[in-house]
Amino acid sequence: MSTLYTEAQLQGMNDSLKGKTPQEIVIWALGMANKPLVTTNFRPYEGSILHLTTNLKSDLKVIWCDTGYNTPNTYRHAEQLIAQLNLDIHLYVPKQTSSHRDIVMGIPQIEDPMHKVFTEQVKLEPFKRAMTEHQPDLWFTNLRKGQTAFRDSIGVVSQGADGVIKVSPFYDWSDAQLDVYNEENGVPNEVKYFDPTKVLGNRECGLHA
């Protein structure tokens, strides 16, 4: 059972991490975790968080929730990173194939009432299944300030209603800073990612809110 922290305690953690490097943040987080993991969908800059966390804990579980709608480029990018970083991948996919869903539902527009059902099927259900099976107490993500209004409000450390501590080591970093990190560490980046549930880049997908 994860510890539920007060807002003041979470703020204290965030205050203590101000000015720390992403590496220092990950080391701090690993020191308080019993069952950490990192999630990915191999979108832009996911290579950065995967490189950072698995360099510091080589056997870190990597949860890949694949919607089934990734571009060919994203699948090639994923295979490259999995091999290059020797990732311990645990793959979760929707219970229905994208080909079947294309016939039944297609990809609903945001205004369509079926969009909520679509998002639940391709993203939320596989994610919930992964978290239920692995029962982490700490979850590394690459959420960053400036991506959405919600993400602007959470800080490096936050906690969901399920009690899982969420740590975003690159929270205060810009794309330009991550470009330098990737170049210095030989980490490839993805540029042709497609999220069928969001349409707009600044829309929250539902996993974090």
**Asked** Once the Cα atoms of helix 175-185 and of the chain are each reduced to a long axis, what angle between those two axes, in degrees from 0 to 90 to the nearest 10, is obtained?
**Response** 80 degrees
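What value does the range 7-185 have for Rg/Rh, both radii from Cα atoms and Rh as Kirkwood defines it? Can you show the working numbers first?
Values: Rg = 16.9 Å, Rh = 17.4 Å.
Answer for the range 7-185: 0.97.
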**Asked** Which value in deg cm²/dmol, rounded to the nearest 500, describes the helix-derived mean residue ellipticity at 222 nm for the chain, given -39,500 (n - 2.57) per DSSP H run of n ≥ 4 and division by the residue count?
**Response** -11500 deg cm²/dmol
**Prompt:** Between MET114 and HIS134, what is the spin-label point distance in nm, taking each point 7 Å from the Cα along the Cα→C-beta axis?
**Reply:** 3.2 nm
**Prompt:** For the range 78-158, what does the alpha-carbon gyration tensor say about shape, rounded, prolate or oblate, given a ≥ b ≥ c as the root eigenvalues, a/c under 1.5 as rounded, and a/b over b/c as prolate?
**Reply:** oblate
**Set of the range 56-90 residues, backbone N closer than 18 Å to the point 7 Å along the Cα-Cβ line of MET105** = 65-70
**Asked** aspartates and glutamates within cross-link reach of LYS61: Cα-Cα under 20 Å, excluding same-chain residues under 8 positions apart?
**Response** GLU24, GLU46, GLU79, ASP88, GLU125, GLU133, ASP137, ASP162
**Prompt:** List the GluC sites (Glu not before Pro) in the range 25-134 that DSSP assigns to loop (not H, G, I, E or B) and whose Cβ has at most 15 other Cβ atoms within 10 Å. Which are they?
**Reply:** GLU111
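Stretch ASP15-LYS192 to full length: gain in nm at 0.36 nm per residue minus the Cα-Cα span?
Stretched out fully, the ASP15 to LYS192 stretch lengthens by 60.1 nm.
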**Message:** Spelling out what I want: for every residue of the range 60-69, take phi, set θ = phi - 60°, compute 6.51 cos²θ - 1.76 cosθ + 1.60 (Karplus), and round to whole Hz; glycine and proline get x.
**Reply:** 4, 5, 10, 8, 10, 9, 9, 5, x, 10
**Message:** Tell me the angle of helix 7-17 to the major Cα principal axis of the chain, expressed in degrees between 0 and 90 and rounded to the nearest ten.
**Reply:** 70 degrees
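Express as a percent, rounded to the nearest 5, the fraction of DSSP beta bridges in the range 7-185 (both residues included) that run antiparallel.
Close to 15 percent.
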**Prompt:** Quick one: Cα centre-to-centre distance for the range 168-197 and the range 1-71, in angstrom?
**Reply:** 15 Å
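No lab work stands behind these numbers, since they all come straight from the coordinates. Here the structure is a predicted model, which means the values were calculated and not measured. A quick note on method: Cβ atoms are made from the backbone with ideal geometry, for glycine too, and the neighbour counts reach across all protein chains shown.
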